[in-house]
Amino acid sequence: MKVLVIGSGGREHAICWKLSQSRSVDKIYCCPGNAGIAQIAECISVNQNDFQALLDFVKYEWIDLTIVGPEDPLSRGIVDLFQKEGRRILGPTKAAAQLESSKVFCKDLLKSHGIPTAEYKTFTSYIHAEEHVRFKGAPIVIKADGLAAGKGVFIASTVEEALDALRVIMKDKAFGEAGERVIIEDCLQGEEASYMAFTDGKTIVPMVSSQDHKRIFDDDKGLNTGGMGAYSPAPVITPEIEKIVMTKILEPTVRALRSEGIIYKGILYAGLMIHNGMPSVLEYNCRLGDPETQPVLSRLKTDFMELAMAIAEERLADITIEWMPDPAVCVVVSSGGYPGNYRKGDVITGIDAANMLEGVQVFHAGTAFKENEIVTSGGRVLGVTATGKDIATAKARAYEAVQKIHFDGMHYRKDIADRALKKQ
Ligand code: AMP
Ligand code: GLY
């Protein structure tokens, strides 16, 4: 079978890598891909925002399944178009993807179906929003409604900070239309975890748990990033919590959508805050997490193509999903300056040496080819991932591999997975 993967990050490299191990996959295409993906897939230069061109490509090449990595094409309706034309595609429709693309849609759905999430109010007028912030006091959380590349959420520790955030979103319109509505919600305390599941709209099958490290520096200091590392499993997700997440959060969410006429198919990713053993939803994503996917798929035993086909064809109940018991750790190596401005085009060395180490797989994110060399081309450059008999071994292997890699200005956190080690 032939498969097309859409995206260019570490998540998409992990997806292509897993597909390349499938017995039933003959050919992998990726749009646009990166230098690592190019070693296992054919990277195509079709404009990834031109869904009609992608559909034409899929028809011309007789591609059996398309897998969408990032949220943006999902929220703009790529699945709706492909499904209308009878093409198999893995991901939710535009209506279902609102769970991520509109925080107001998500919060209203959760609230009206009694699914645990922080108390909130929605505003379209700055004056009323300001009044509410002054009434509630700090700490308080301000969120732009729409997609804002992870930058639309402000955790304000003072009223002044909250008002600044409101100004940025509502007056300066820093996020354009995405900031037309604003959510002001209670600040939750506790520990965060990611919980991802496969669903075909009927059956929901959880993945192994994972947790990422969002801040750029050690000890969770500095600016938020897309994620500087991740590990799986996340000890914070105990079997008891897992049961609550399934029965009180994921299953009711899929049912709630169904009751509104929306069938959710694809990946459901709940960002959770766990406080005193009780999880509540911080946000939903409608896709796999990056970098959580790198350790999670490293542990997947089941053939990923068979799994993806089963979701697309709504027969997830028929297959058994198996995972390796060994934990996995992914250390993201980023360009100096990220998440602010950073340089591109620096030559990367040592990837092959890192890949030779036991249990190690280096996933590329922001990489490109330049005259037969691999160079940096993004903020997050590589996701150095390792498995091991326990988290400590996986972590040690990942860091040993990072030592082999070099490019000018490279940065990485030294404390990935320490949070999990402290819990043991
Ligand atoms: P979101 O995009 O909604 O997940 O928000 C991004 C990050 O902001 C989350 O991963 C949390 O670290 C933090 N966050 C969001 N909502 C809250 C909340 N209600 N209380 C505390 N932290 C939050
Ligand atoms: N690592 C967080 C995300 O993928 O949204």
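The values are calculated or read from the model by the stated rules, or taken from the named source; none is laboratory data. If you're wondering where the values come from, they're calculated on a predicted model, not measured in any experiment. Because the Cβ atoms are built from the backbone with ideal geometry, glycine has one as well, and the counts that use them run over all protein chains shown. Just so you know, the surface numbers come from the protein's heavy atoms only, side chains and all, with ligands and any DNA or RNA stripped out. Shrake-Rupley method; radii C 1.70, N 1.55, O 1.52, S 1.80 Å.
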By the C-alpha gyration tensor axes a ≥ b ≥ c (rounded if a/c is under 1.5, else prolate when a/b exceeds b/c, else oblate), the shape of the chain is rounded
Hand me the GluC sites (Glu not before Pro) from the stretch 215-297 located in a DSSP loop with no more than 15 other Cβ atoms within 10 Å, in residue order please. 260
Note down the nm distance, to one decimal, between modelled labels 7 Å out along Cα→Cβ at residue 158 and at residue 246. 4.7 nm
Counting only protein heavy atoms and rolling a 1.4 Å probe, one gets per residue an accessible area for the stretch 1-95 in Å² of 40 Å²
How far apart, in nm, are two points set 7 Å out from the Cα along the Cα-to-Cβ line at residue 180 and at residue 349? 5.3 nm
For the stretch 318-404, which GluC sites (Glu not before Pro) are in a loop by DSSP, counting at most 13 other Cβ atoms within 10 Å? 322, 358, 371
Probe 1.4 Å, accessible area per residue of the stretch 243-329, Å²: 35 Å²
Gain on full stretching of the segment that runs from residue 47 to residue 318 - 0.36 nm per residue minus C-alpha separation: 94.0 nm
Cross-link partners of residue 221 among aspartates and glutamates (Cα-Cα below 13 Å; sequence separation of 8 or more within a chain): 415
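Figure the gain on full extension for residue 85 and residue 356 (residue separation times 0.36 nm, minus the Cα-Cα span) and round it to one decimal in nm. Spell out each step's value before the answer.
Details: separation 271, 0.36 × 271 = 97.56 nm, distance 4.36 nm.
Here the answer is 93.2 nm.
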For the stretch 164-303, shape from the Cα gyration tensor axes a ≥ b ≥ c, cut at a/c of 1.5 then a/b versus b/c, turns out oblate
Please go through the stretch 82-189 and write out the chymotrypsin sites (Phe, Trp or Tyr not before Pro) that DSSP classes as loop and that have at most 12 other C-beta atoms within 10 Å. none
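If a/c stays under 1.5 just call it rounded; otherwise compare a/b with b/c (prolate if a/b is bigger, oblate if not). Do that for the stretch 121-165, with a ≥ b ≥ c from the square roots of the Cα gyration tensor eigenvalues.
oblate
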Pick from 112, 125, 298: which is most flexible by mean-square fluctuation in a GNM of the chain where alpha carbon atoms under 10 Å apart are linked? 112
Cα centroid distance between the stretch 209-288 and the stretch 35-84, in Å? 26 Å
At residue 202 and residue 189, where each label point lies 7 Å from the Cα along Cα→Cβ, what is the point-to-point distance in nanometres? 4.5 nm
Ignoring everything except DSSP H segments at least 4 long, calculate the 222 nm mean residue ellipticity for the chain; use -39,500 (n - 2.57) per segment, divide by total residues, nearest 500. -8000 deg cm²/dmol
Expressed as a whole percentage, what fraction of the accessible surface of the chain belongs to carbon and sulfur atoms when a 1.4 Å probe is rolled over the protein heavy atoms? 49 percent
Taking 0.36 nm per residue of separation and subtracting the Cα-Cα distance, what length does fully extending residue 275 through residue 126 add? 50.5 nm
